[in-house]
1. Any chance the stretch 314-327 includes a residue that's of a type in the set (S, T, Y) and out of contact with any strand residue (DSSP E or B) (no Cβ under 8 Å at 6 or more places or on another chain)?
2. Would you mention how many residues in the stretch 168-186 are in contact with a helix residue (DSSP H, G or I) (Cβ under 8 Å, 6 or more places away or on another chain) and either assigned to a helix (DSSP H, G or I) or farther than 30 Å from N111 by Cα (or both)?
3. For the structure I just gave you, tell me whether A33 is in contact (Cβ under 8 Å) with a residue 24 or more places away in the chain, within 16 Å of the ligand (Cβ to nearest atom), in contact with a strand residue (DSSP E or B) (Cβ under 8 Å, 6 or more places away or on another chain) and among the hydrophobic types (A, V, I, L, M, F, W, C).
4. Only residues that are in a loop (DSSP other than H, G, I, E, B), more than 10 Å from the ligand (Cβ to nearest atom) and under 14 Å from P30 (Cβ atoms): list them for the stretch 204-238, please.
5. Could you list, in sequence order, the residues of the stretch 297-350 that are in contact with a Pro (Cβ under 9 Å, 6 or more places away or on another chain) and surrounded by 15 or more Cβ atoms within 10 Å (Cβ to Cβ)?
6. In the stretch 362-376, what residues are open to solvent by less than 10 Å² (accessible area, probe 1.4 Å) and farther than 26 Å from Q177 by Cα?
7. Under the condition of being more than 16 Å from the ligand (Cβ to nearest atom) and closer than 23 Å to S97 by Cβ, which residue from the stretch 167-183 is most open to solvent (accessible area, probe 1.4 Å)?
8. How about the stretch 65-83: which of its residues are in contact with a Ser or Thr (Cβ under 8 Å, 6 or more places away or on another chain) and either more than 26 Å from A264 (Cβ to Cβ) or not aliphatic (A, V, I, L, M) (or both)?
Amino acid sequence: MRDRYSALALLRGGLTGNRGWKPAWRSPEPKPAYDAVIVGGGGHGLATAYYLASRHGMRKIAVLEKGWIGGGNTGRNTTIVRSDYYYPESAALFDHSVTLYEGLSRELNFNIMFSQRGMMTTAHSRGELDFQRRLVNGMRLNGVDLETVPLAEIRRDYPYLNFAPDARYPILGGMRQKRAGTVRHDAVVWGYARAADRLGVDIIQNCEVTGILRDPMTGAVSGVDTSRGRIATTRLGLAVAGHSSVLAEMAGFRLPLRSYALQAFVTEPLKPVLDTIVSSSLLGIYVSQSDKGGLVFGGNADPYASYAQRGNIPTAEEVIAGLVEFIPSFSRIRLLRQWAGIVDYAQDSSPVLGRSPVPGVFLNCGWGGGGFKAIPAGGETFAHTIATGDPHPLTVPFSLDRFRELALVDEAAAAGIAH
Ligand SMILES: Cc1cc2nc3c(=O)[nH]c(=O)nc-3n(C[C@H](O)[C@H](O)[C@H](O)COP(=O)(O)OP(=O)(O)OC[C@H]3O[C@@H](n4cnc5c(N)ncnc54)[C@H](O)[C@@H]3O)c2cc1C
């Protein structure tokens, strides 16, 4: 069967018993050396490898993944894609990512199922309303498509929200981004993996990096030790999310990041009941409905640092209570699954992208609970940095130096970013 997916290929497959489909990517043995090695087969690592090959013409590239691709946060996230960030630096990066997502199915020849169903965030007090107005004005000045939503419109368009006269947190208004939406998480992983593989990238699963080697004379990176042997390289990109500090320690430096468990929940499947994403910062809840019908929801990260991919019960209770307060009719739906992923936060809740203190080692981390939406832009800009050695113009503000220079991009304080 030809490699390119199309309606014709589907028809041909259907008529020939679907026996001719090739695996979407190879399972190569690791080679002794590569021009660039990316650690982490999540969305960011695979996107980086794809852009290194497609935009920069590099061919000898490996992605090393300790488990299976997409088994980390990219396969565990609640798939919300939006760009309502406050600071111009963040708006530029995240809005570029949404734009790349809009063309990604075509670019990768893989349906990533981007559903731009919009996201509405409610305000529950006068103070929050004023705060939202300030955010919306700031974001619009940055070119992001935010709008305030008056109460009457919320009552009309989101009638399932809690408008009870005795509601504990009455809804007074809201803000909305219409271009926001959800993307099928696995499709992003598989789409980038397949496209990168076609350009010659070796995607090596079940290959854990256990050590980072440095040239004793220059201190620059010279390779990695892995569970499948030693691999030489002079360009090493780390895209390992919650495990970034672990990899940094192997290279001999520390990162200003903390890793926390962030939980997600899915209910039993329902007929379509929710055609958008709704969220409330005060209630610590956001929810959407997947194509399979389950309500996918989440909230804030667990309050202490941990590598346990379970999540704690009190946080689960808080998130579920938030959902029931927000949309009372959901109280009778049964929960199907709950899980957590390990996300890494910097103190300003902004990512770290660019060079590290070790020559040849580059960083793509600190996405916290919000890096899925940034995968295309994160991969594209990270590939630029690895290929040229210089930061991409969009990522200059997100260098590691910002912590030394106290030039923080404090989205935690500005937009209260959680997902
Ligand atoms: C519950 C939850 C909900 C979320 N919701 C959203 C959302 O709605 N929207 C949004 O934008 N973001 C969301 N996020 C955040 C988002 O999922 C992450 O920021 C993003 O997926 C990070 O992608 P990544 O490729 O950097 O990391 P990952 O997908 O975690 O990939 C890193 C990979 O590195 C591998 N690795 C680690 N150590 C090693 C090693 N030593 N050797 C080899 N491989 C290694 C891991 O196995 C993993 O597969 C959510 C996260 C969670 C956990």
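1. Of the residues in the stretch 314-327, the ones of a type in the set (S, T, Y) are 315.
This time we only want the ones that are out of contact with any strand residue (DSSP E or B) (no Cβ under 8 Å at 6 or more places or on another chain), so: none.
Among the residues of the stretch 314-327, not one is of a type in the set (S, T, Y) and out of contact with any strand residue (DSSP E or B) (no Cβ under 8 Å at 6 or more places or on another chain), which makes the answer no.
2. Selection size over the stretch 168-186: 8.
3. Working: in contact (Cβ under 8 Å) with a residue 24 or more places away in the chain: yes; within 16 Å of the ligand (Cβ to nearest atom): no; in contact with a strand residue (DSSP E or B) (Cβ under 8 Å, 6 or more places away or on another chain): yes; among the hydrophobic types (A, V, I, L, M, F, W, C): yes.
Taking the combined requirement at face value, the residue does not satisfy it.
4. Initially, the stretch 204-238 is screened for residues in a loop (DSSP other than H, G, I, E, B), giving 205-208, 215-220, 227-228, 233-235.
Subset that is more than 10 Å from the ligand (Cβ to nearest atom): 215-220, 228, 233-235.
If the condition is that a residue be in a loop (DSSP other than H, G, I, E, B), more than 10 Å from the ligand (Cβ to nearest atom) and under 14 Å from P30 (Cβ atoms), then R228, T233 are the ones that fit.
5. Our first condition is that a residue be in contact with a Pro (Cβ under 9 Å, 6 or more places away or on another chain); within the stretch 297-350, this holds for 302-303, 312, 314-315, 336, 346-347, 350.
Within the stretch 297-350, D302, N312, T315, A346, S350 qualify.
6. Passing the criteria: L363, N364.
7. Of the residues in the stretch 167-183, the ones more than 16 Å from the ligand (Cβ to nearest atom) are 167-176, 178.
Narrowing the set further to residues that are closer than 23 Å to S97 by Cβ leaves 175-176, 178.
Details: M175: 16, R176: 26, K178: 119 Å².
Once the filter is applied, the top-ranked residue is K178.
8. Our first condition is that a residue be in contact with a Ser or Thr (Cβ under 8 Å, 6 or more places away or on another chain); within the stretch 65-83, this holds for 66, 78-81, 83.
Passing the criteria: K66, T78, T79, S83.
The values are calculated or read from the model by the stated rules, or taken from the named source; none is laboratory data. Because the structure is a prediction, the values reported are computed rather than measured. With ideal geometry, Cβ positions are generated from the backbone for all residues, glycine too; neighbour counts draw on all protein chains shown. Accessible surface is based on the protein model in full, side chains and every heavy atom, while ligands, DNA and RNA are left aside. Shrake-Rupley method; radii C 1.70, N 1.55, O 1.52, S 1.80 Å.
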